[in-house]
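Some notes on the structure that comes next.
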Amino acid sequence: MNNELLSLGIPPRLVAALEKAGIQKPFEIQQKTIPDALEGHDICGRAPTGSGKTIAFGIPLIARINKGKPKRPSALILAPTRELAEQISVELRPFARIESFNILPIYGGVSIHRQIQQLRRGVDIIVATPGRLIDLLDRNTLKLDQIEFVVIDEADRMADMGFLPQIKEVLAYVKPDRQTLLFSATLDGDVKILTQQYQDNPIRHEVGSSQPDIHSMTHKFWSINRSDRIPMTAQVIEKFGRTIVFTRSKYGADRTAQQLLKAGVNVAAIHGDLSQHKRKNALASFSNGKVQALIATDVAARGIHVDSVECVIHYDPPANAKDYTHRSGRTARAGSKGTVISYVDRVQNKLVTRLQKTLRLSMPIIPPDIQFKSITPKDINNSNHTGNKKSFRKNNDDNNDSSSRGHSSNHTGNKKSFRKNNDDNNDSSSRGHSSNQKKKSNKRSTQNFGKAKNQPKSFRSRKNSAKNRKKRSKQPPVTVYS
């Protein structure tokens, strides 16, 4: 049995489980925190993402807690995102089973009733995001008065996301003699407040830099027109392999994913508007290599741990240097190499130059250093659209309706007026008015129906529909992104 793991004070049964999982040598943060945590001390740990924090707090938690009761778990782990909560649950579940503990991830986007049913049956460890946890507390379907062990993971990220008031509200339900472990990439600001108010003489351990080492990766700033971003992204993914592409908005992530799929690149989108099932499937597909790239908003910049990401693309520039650092930190992990590419158009030059100065990245903004084949508008349309999702869908539907009914593409009226005018014209033609409208209607009727002007309306409609179907069948299908 592994003496190095045993020397940390880990129970033999858990050491055997760690060895079975392929863990032979503890990481630095694990070596420093596990012995103190097993002795019952509060821990304040600073360590970068991917440094082994989950095992560092998970093993002491499993070794020290007692069985929970219906609606009253024994341990609580707080995480900022659904993905991180799910990942922690998956990573700790094999070790929890050794001690006959069960774990329940609690987050939004899935059925709350199923979570309530599991709590009623009895859960030992819950891994939760603050929002859904408070929903369950408000419904009186969860009690935290028997919590013995609390972990606050990615505390700085939760503070950045505005979760500090919710964390304080949750901790107010927990008994004061609990053991509390806090882990964060930084320990200043709001995180320092949590430490001072909710921990009892914590032992402080720090590992690595307070920020990801952005100099461990290759950075490129490319001057590129917005219309060339999609074909260039396709070429970058083909060259580097597993890639994460960051966009500014949720709609931008969806649109970019659709256009890359049309360009023949296998990708998946992930953002906050997707159901948890879709987010989980997208992340799993990216992790196991079923898709080449993940098109993401900043929800993926922290807390999602995927190994062997070769490249990160800032498709839209980050809001600040901190976002650039955490986006870029998805590559060049655990000593591996990685490339970070930022797209810069002419209006973004000043913004990116200021960002470079803040990050101390002294490199020019240059044209792309790889060749790419442009994709014509017939294959994929310009991605400069800045409207919202609702207007995009409405405009697309209006254009399709206008085309199928034989109207001019220059028609700018709304859908309601368009349908009304169309009905009025048809009525005018069939009733035989003597005004100028009658001549225009008869002329349109003759153009559309030929010699069938005096035939019954139902026959004319069927004939016109068949004619339009035949006409449309000759045209290749085109997806329009306005």
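The values are calculated or read from the model by the stated rules, or taken from the named source; none is laboratory data. Because the structure is a prediction, the values reported are computed rather than measured. Because the Cβ atoms are built from the backbone with ideal geometry, glycine has one as well, and the counts that use them run over all protein chains shown.
When Asp307, Asp273, Asp298, Asp316 are checked against the criterion of being of a type in the set (Asp, Glu), surrounded by fewer than 23 Cβ atoms within 10 Å (Cβ to Cβ) and touching a residue at least 60 places away in the same chain (Cβ under 8 Å), a single residue qualifies: Asp316. Restricting the search to the range 78-102, which residues are without any contact (Cβ under 8 Å) to a residue 24 or more places away in the chain and farther than 18 Å from Ile270 by Cβ? Within the range 78-102, Arg93, Arg97, Asn102 meet the criteria.
When the residues of the range 12-46 are filtered to those that are assigned to a loop (DSSP other than H, G, I, E, B) and at pLDDT 95 or above, the one that is surrounded by the most Cβ atoms within 10 Å (Cβ to Cβ) is Asp42. Taken over the range 160-189, residues that are among the small types (Gly, Ala, Ser) and over 25 Å from the mean Cα position of the chain (by Cα) amount to 2.
Pairing residues of the range 179-191 that are more than 13 Å from Ile29 (Cβ to Cβ) with residues that are charged (D, E, K, R), at Cβ distances under 7 Å and at least 6 apart in sequence or on separate chains, gives Gln179/Asp42; Gln179/Glu148; Thr180/Asp42; Thr186/Arg46; Thr186/Asp156; Leu187/Arg46; Val191/Asp156. One residue is enough: does the range 244-258 have a residue meeting the conditions over 30 Å from Leu361 (Cα atoms) and in contact with a strand residue (DSSP E or B) (Cβ under 7 Å, 6 or more places away or on another chain)? There is at least one residue in the range 244-258 that is over 30 Å from Leu361 (Cα atoms) and in contact with a strand residue (DSSP E or B) (Cβ under 7 Å, 6 or more places away or on another chain). The lone criterion from (1) surrounded by fewer than 17 Cβ atoms within 10 Å (Cβ to Cβ); (2) under 21 Å from Lys53 (Cβ atoms); (3) out of contact with any Leu (no Cβ under 8 Å at 6 or more places or on another chain) left unmet by Arg204 is number (3). Tyr173 passes every criterion in (1) of a type in the set (Ser, Thr, Tyr); (2) more than 23 Å from Ala47 (Cβ to Cβ); (3) crowded, with 20+ Cβ neighbours inside 10 Å; (4) outside the structural domain of Ser362 (by TED's automatic domain parsing) apart from (3). What is the one condition in (1) farther than 23 Å from Asp177 by Cα; (2) surrounded by fewer than 23 Cβ atoms within 10 Å (Cβ to Cβ) that Leu84 does not satisfy? Tallying (1) farther than 23 Å from Asp177 by Cα; (2) surrounded by fewer than 23 Cβ atoms within 10 Å (Cβ to Cβ), Leu84 fails exactly one: (2). Of all the listed residues (Ala37, Ala47, Ala63, Ala75), the sole one being within 20 Å of Val170 (Cβ to Cβ) and touching a residue at least 40 places away in the same chain (Cβ under 8 Å) is Ala75. Residues of the range 309-334 being over 23 Å from Gln259 (Cβ atoms) and of a type in the set (A, V, I, L, M, F, W, C), which ones? The answer is Ala319, Ala321, Ala332, Ala334.
Based on this model, can you work out whether Phe57 counts as over 23 Å from Ile167 (Cα atoms), in contact (Cβ under 8 Å) with a residue 24 or more places away in the chain and of a type outside the set (S, T, N, Q)? Judged against the criteria, Phe57 is not a match.
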